[in-house]
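Participant: Below is the structure I would like to discuss, written out as structure tokens.
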Amino acid sequence: MYRSHNCGELRASLINTEVTLAGWVQKTRDKGFMIWVDLRDRYGLTQLIFDEERSSKELMNKAKTLGREFVIQVKGSVIERTSKNTNIPTGDIEILVSELTILNEAKTPPFTIEDKTDGGEELRMQYRYLDIRRNPVKNNLIFRHKVTQEVRNYLSNKDFIEVETPYLIKSTPEGARDFVVPSRMNEGQFYALPQSPQTFKQLLMVGGMDKYFQIVKCFRDEDLRADRQPEFTQIDCEMAFVEQEDILNVFEGLTRHLLKAINGVVVDKFPRMTFDEAIKKYGNDKPDIRFGMEFGELNGVTQHKDFNVFNQAELVVGIAVPNGNTYSRKDIDKLIDWVRRPQVGALGMVYCRCNDDETFKSSVDKFYNQEDLAKWAEITGAKAGDLICILSGDTSKVRVQLSALRMELAERLGLRKPNEFAPLWVTDFPLLEWDEDTKRYHAMHHPFTSPKPGQIHLLDTNPGDVKANAYDLVLNGNEIGGGSIRIHDKATQALMFDHLGFTKEDAKAQFGFLMDAFQYGAPPHGGLAFGLDRLVALLGGQETIRDFIAFPKNNSGRDVMIDAPAPIDEEQLEELSLKLNICEKENI
Ligand code: ASP
């Protein structure tokens with residue numbers, strides 16, 4: 001038996017008990033005649049004591065050889081500590097060691113295994129197994145486990161069945177590139193790793209499973225943006241015989257349950273907003289509604305004077321920054337520089353101070369009088385003491401720019417409180433989205449999403465106007481889930497593929513299996529998927545998903561610990577019929 005207790009559970013009630021513990025040496029304090037060792041495992045820390053009076057010389061000498069992160073086993077008795085440590089649950093006791101076994105020695109770790117470590121990100125990732133010994137990482141993994149456990153319990157109690165779907169499949173379009181796996185046994189052929197189990201969960205509905213979920217890895221080969229992982233986890237769900245309302249209710253229930261069970265936060269019915277409304281009010285389809293600063297469109301009250309910048313703009317739009325009138329001229333200039341950065345891309349910013357005496361002072365006083373400015377304040381909801389920030393230009397660009405400014409200011413003003421939770425459903429997404437690069441319409445969600453009833457005819461005339469039965473769940477300005485009611489008949493699915501530019505042959509080759517299945521009694525169905533990594537991070541009051549993944553990839557998609565991706569040897573290449581192709585390509 002390696003241990004009778006763990007390092008977090010001994011209390012004063014067990015004084016005089018003989019125990020065996022095992023764990024890692026967190027630190028040692030050697031006073032010569034007395035040696036203390038902090039012994040650590042996943043459950044906590046327990047103090048060990050060796051002293052000249054009560055321990056043998058041999059034991060004392062052995063204790064002196066202990067280094068940081070040595071793995072040891074000790075036998076001893078629980079005794080009362082003379083100076084108690086109220087910071088840890090085991091702080092009332094210590095172990096007077098009678099036997100010490102060194103199970104494994106350790107090299108000095110490359111960074112300190114403390115809550116606040118001296119190790120930089122890269123180093124910690126390289127030695128992630130050591131990083132995991134640290135409380136912040138360890139606790140995040142335990143936290144993640146708790147969340148997934150709650151998800152499994154909640155959905156299982158609602159009759160959902162967890163079904164595994166394959167990883168070696170054919171492409172499932174979710175808007176990214178596929179990771180592919182060459183097939184040794186089928187020369188020149190490749191599997192794709194799933195971007196999501198979308199088609200399989202739909203087939204499970206055709207198979208009569210009725211309610212499905214899976215906590216599942218998905219793989220998307222995207223150009224990496226900050227805090228994205230090429231492999232990530234979804235809580236993937238699907239239900240048969242449902243309408244949008246049913247789905248929203250079930251998964252609002254799940255989210256509410258998680259907020260309650262994990263964070264102790266009770267949230268009322270989630271507000272809902274259409275995609276169009278979100279874009280108009282917040283310039284963003286995943287608005288953070290923990291704070292106001294809603295957009296006020298000012299075309300009607302700005303385009304009647306000689307200010308050409310506004311007159312020529314498709315949209316003039318502003319936000320009221322609470323207490324922004326305290327900003328100095330220099331602060332405002334810095335803000336203007338901020339919106340002009342290439343990442344934001346605004347040409348400039350007009351501002352208007354709302355003074356305490358109800359007068360206004362704007363950067364365009366030459367063109368606008370007090371009466372005009374009062375209207376700006378009314379429309380943006382600005383109060384005395386606020387600052388109105390106004391951008392103008394092409395509607396879609398300006399909205400994105402003002403949204404970036406809104407989020408930045410909210411961050412600076414401390415309005416994005418991690419312990420406040422504001423979920424929101426965004427509904428009625430457009431079915432299609434115009435892609436400038438390919439000069440074609442793409443499915444905004446994915447090609448299996450059904451258009452809103454009665455809108456199919458618009459596909460021929462105004463494809464961009466067709467709305468979908470698609471919805472996103474937004475939490476604190478992050479999309480945490482999204483889904484749709486699916487097409488479940490062959491004719492509509494074929495029509496969709498046609499509008500997305502697939503030839504009949506391509507559609508059949510790629511998705512013939514799904515359209516075939518639709519001919520054998522496919523029930524109406526729909527579902528959604530949550531991004532588990534982000535959900536866990538947000539519930540944990542943080543925004544970095546990497547901190548909640550045991551072995552994440554870095555920003556270039558590399559695992560620096562195992563050093564992947566890596567070349568494979570000639571023989572393997574040959575077996576996979578890949579070598580030939582490379583030689584052919586390079587004309588060798
Ligand atoms: N498969 C979708 C996704 O990964 C979710 C869904 O439509 O259920 O975003």
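Participant: Counting other Cβ atoms within 10 Å, keep those with at most 16, restrict to DSSP loop, and tell me which GluC sites (Glu not before Pro) in region 423-483 are left. Can you show the working numbers first?
Facilitator: Values: sites: Glu433, Glu436, Glu479; in loops: Glu436.
Sparse-neighbourhood loop GluC sites (Glu not before Pro): Glu436.
Participant: Now a separate question. How high is the relative contact order of region 112-184, in percent, counting Cα pairs under 8 Å that sit 6 or more residues apart?
Facilitator: Numbers: 20 pairs, mean separation 12.7, N = 73.
The normalised contact order for region 112-184 reaches 17 percent.
Participant: Sticking with this one: Along Cα→Cβ, 7 Å out, is where each label goes; now give me the distance between the ones at Trp434 and Glu231 in nm to one decimal.
Facilitator: About 4.0 nm separates the two model spin labels.
Participant: Something else now. Over region 179-221, what is the mean sequence separation of C-alpha contacts under 8 Å (at least six apart), divided by residue count, expressed as relative contact order in percent?
Facilitator: Details: 36 pairs, mean separation 16.8, N = 43.
Relative contact order of region 179-221: 39 percent.
Participant: Sorting check: for 241-247, 71-77, 401-407, which peptide has the highest mean count of neighbouring beta carbons within 10 Å, and how do the rest follow?
Facilitator: Numbers: 241-247: 15.1, 71-77: 18.6, 401-407: 22.7.
Order by mean packing, descending: 401-407, 71-77, 241-247.
Participant: Let me ask something else. Considering only the chain, what is the antiparallel percent among its DSSP beta bridges, to the nearest 5?
Facilitator: Close to 95 percent.
Participant: Sequence neighbours fewer than 8 away in the same chain don't count; with that in mind, list the lysines whose C-alpha is under 17 Å from Lys508.
Facilitator: Lys170, Lys490
Participant: A further question follows. Let me check against my output: what whole-number percent is the relative contact order of the chain, with C-alpha pairs under 8 Å and at least 6 apart?
Facilitator: Details: 1099 pairs, mean separation 74.2, N = 588.
Here the relative contact order equals 13 percent.
Participant: Which of rounded, prolate or oblate describes region 358-401 when judged by the alpha-carbon gyration tensor and an a/c cut-off of 1.5? Don't skip to the answer; put the middle values down first.
Facilitator: Numbers: a/c = 2.43, a/b = 1.63, b/c = 1.49.
In terms of gyration-tensor shape, prolate.
Participant: Take the alpha carbon gyration tensor of region 333-481, find the square roots of its eigenvalues, order them as a ≥ b ≥ c, and report rounded if a/c is under 1.5; if not, report prolate when a/b exceeds b/c, else oblate. Mind dumping the intermediate values first?
Facilitator: Values: a/c = 2.25, a/b = 1.84, b/c = 1.23.
The shape class here is prolate.
Participant: Can you put Thr86, Thr148, Thr65 in order of Cβ neighbours within 10 angstrom, beginning with the fewest?
Facilitator: On the way: Thr86 7, Thr148 16, Thr65 11.
Ascending number of Cβ neighbours within 10 Å: Thr86, Thr65, Thr148.
Participant: Here's something else I'd like to know. Quick one: which residues, 5 or more positions from Met444 or on another chain, have an amide H under 5 Å from its amide H? H modelled 1.01 Å from N in the peptide plane, none for Pro or chain starts.
Facilitator: When sequence neighbours closer than 5 places are left aside, the close amide H contacts are Leu432, Glu433.
Participant: OK, next. What does the charge add up to near Val206, with Lys and Arg as +1, Asp and Glu as -1, over the other residues with Cβ less than 13 Å from its Cβ? Walk me through the numbers on the way to the answer.
Facilitator: Numbers: positive: Lys201, Arg486, Lys490; negative: Asp210, Glu238, Asp489, Asp516.
Local net charge: -1.
Participant: Additional query: In 5 Å bins starting at 0, how do the alpha-carbon pair distances of region 115-156 split up by percent?
Facilitator: 5, 22, 22, 16, 11, 10, 8, 5, 1
Participant: So for Arg144, Arg290, fewest C-beta neighbours within 10 Å to most, what's the order? Walk me through the intermediate numbers first.
Facilitator: On the way: Arg144 22, Arg290 16.
In increasing order of surrounding Cβ atoms, one gets Arg290, Arg144.
Participant: In what sequence do Lys504, Lys281 fall when counting other Cβ within 10 Å, fewest first? Present the calculation step by step, with values, prior to reporting the outcome.
Facilitator: On the way: Lys504 10, Lys281 18.
The fewest-first ordering by Cβ neighbours comes to Lys504, Lys281.
Participant: Taking 4 °C and 1.567 mPa s as the conditions, I'd like the Stokes-Einstein D for region 236-291 in µm²/s, using the Kirkwood hydrodynamic radius from alpha carbon pairs.
Facilitator: Working: Rh = 13.2 Å.
It diffuses with D of about 98 µm²/s by this estimate.
Participant: Let me ask something else. What do you get for Rg/Rh of region 131-276 when both radii come from the Cα atoms and Rh is the Kirkwood radius? Walk me through the intermediate numbers first.
Facilitator: Working: Rg = 18.0 Å, Rh = 17.7 Å.
So for region 131-276, dividing Rg by the Kirkwood Rh gives 1.01.
Participant: Amide H of Ser98 versus every other amide H placed in the peptide plane: which residues, excluding those fewer than 5 positions away on the same chain, fall under 5 Å?
Facilitator: Excluding prolines and chain starts, which carry no amide H, the hits are Lys75, Gly76, Ser77.
Participant: Would you kindly work out the equivalent ellipsoid of region 440-480 from its C-alpha gyration tensor and give its semi-axes, the square roots of five times the eigenvalues, largest first in whole Å?
Facilitator: Numbers: eigenvalues 110, 25, 16 Å².
In descending order the semi-axes read 23, 11, 9 Å.
Participant: Report for region 160-319 the percent antiparallel among DSSP-assigned beta bridges with both residues inside it, nearest 5.
Facilitator: Working: 16 of 18 bridges.
Bridges in region 160-319 are about 90 percent antiparallel.
Participant: Under 26 Å from the Cα of Lys31, which lysines turn up, not counting those fewer than eight places away in the same chain?
Facilitator: Hits, sequence-local ones excluded: Lys57, Lys62, Lys64, Lys75, Lys84, Lys107, Lys116.
Participant: Working only with C-alpha atoms, what are the Rg and Dmax values of the chain, expressed in angstrom?
Facilitator: Gyration radius and largest Cα-Cα distance of the chain: 30.2, 94 Å.
Participant: Next question. With a ≥ b ≥ c taken as the square roots of the eigenvalues of the C-alpha gyration tensor of region 278-397, please select rounded if a/c is under 1.5 and otherwise prolate if a/b is larger than b/c or oblate if it is not? Before the final figure, lay out the partial values.
Facilitator: Numbers: a/c = 1.28, a/b = 1.12, b/c = 1.14.
Cα axes put region 278-397 in the rounded bin.
Participant: At 0.36 nm per residue, minus the direct Cα-Cα distance, what do Lys107 and Lys417 gain on full extension? Give it in nm, one decimal, please.
Facilitator: Working: separation 310, 0.36 × 310 = 111.60 nm, distance 4.14 nm.
Result for the pair: 107.5 nm of gain on full extension.
Participant: Using the per-residue mean of other Cβ atoms lying within 10 Å as a proxy for protection, in what order, highest first, do the peptides 248-259, 219-230 fall?
Facilitator: On the way: 248-259: 18.4, 219-230: 14.7.
Order by mean packing, descending: 248-259, 219-230.
Participant: Mind listing which trypsin sites (Lys or Arg not before Pro) in region 410-498 are in a DSSP loop and have 14 or fewer other Cβ atoms within 10 Å? List each step's numbers first, then the result.
Facilitator: Numbers: sites: Arg412, Arg416, Lys439, Arg440, Lys467, Arg486, Lys490; in loops: Arg416, Lys439.
When the trypsin sites (Lys or Arg not before Pro) of region 410-498 are filtered for loop state and at most 14 Cβ neighbours within 10 Å, Lys439 remain.
Participant: Also: What span do the alpha-carbon atoms of region 101-205 cover on each of the three principal axes, reported in whole Å from largest to smallest?
Facilitator: The Cα atoms of region 101-205 stretch 53, 44, 33 Å along their principal axes.
Participant: Still on this model: Among 517-530, 121-134, how do they line up by average Cβ neighbours within 10 Å per residue, starting with the highest?
Facilitator: Values: 517-530: 19.2, 121-134: 16.6.
Ranked from most to least packed, the peptides come out as 517-530, 121-134.
Participant: Calculate, in nm to one decimal, what Phe179 and Glu245 gain on full extension: separation in residues at 0.36 nm each, minus their alpha carbon distance.
Facilitator: Details: separation 66, 0.36 × 66 = 23.76 nm, distance 3.45 nm.
Stretched out fully, the Phe179 to Glu245 stretch lengthens by 20.3 nm.
Bear in mind that the values in this text are calculations on the coordinates, not laboratory data. Here the structure is a predicted model, which is why all the values come from computation and not from measurement. We place every Cβ from the backbone using ideal geometry, glycine too, and count neighbours over all the protein chains shown.
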